[in-house]
Amino acid sequence: MKLLLKITLACLPVLILLSCSKKAEDMVTMDAAETDTRIQQYLFAHNEIAIRDPSGLYYRIYAPGDSVHFVKPASVVYVNYSNQLIDGTIVDASFDVTNFNNRELKNHIPAWQIGLTKISKGGKIRMYIPPYLAFGSMGVPDIIPPNAILISEVELVDIK
């Protein structure tokens, strides 16, 4: 009886984790090909030109920056930015320079980690971000819907 109790107690954390995890069928995701098509359609419809990174991020550099000071994963970036949905709805913006409370670049969404390395201090980039490089199938409740393609304009004001 004691052995059965020990086994049950040892397995309890695993059972709890399994019961809390999301099932694959519960998480509806947009595949990479569909996302790529939607971004290309947006670019064509708005007569915009962008480069496709191997990650799936599309971007356009408006100003390359000083070509001296580049970000690293542990860099704290000071930026002016705006994020909008592909339908044009602005969902977030800094309205002034922000450093996200000293958050390092490696703690931002993957798209920013990729895109901000393409410019240097003083640079400006526009990124067309697939969900899997942003907030994915979860989104951000009451702000960014699940599977949202984001358009992010970022000016890299400073790096610490």
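What to note about this one:
- Once the Cα-Cα distance is subtracted from the 0.36 nm per residue extended length, the residue 68 to residue 45 segment shows a gain of 4.7 nm.
- Charged neighbours of residue 97, selected by a Cβ distance under 11 Å, balance to -3 (K, R count +1; D, E count -1).
- Cα centroid separation - region 94-153 against region 69-87, whole Å: 6
- Whether region 49-139 is rounded, prolate or oblate, judged on the alpha carbon gyration tensor where a/c under 1.5 counts as rounded: rounded
- For residue 124, a cut-off of 20 angstrom between C-alpha atoms picks up these aspartates and glutamates, skipping any fewer than 8 places away in its own chain: 48, 53, 66, 92, 96, 104, 153, 155, 158.
FYI, it's all coordinate maths here, none of it is from the lab. Fair warning: this is a prediction, and the values are worked out from it, not measured in the lab. Ideal geometry is used to build each Cβ from the backbone, glycine not excepted, and the neighbour counts take in all protein chains shown.
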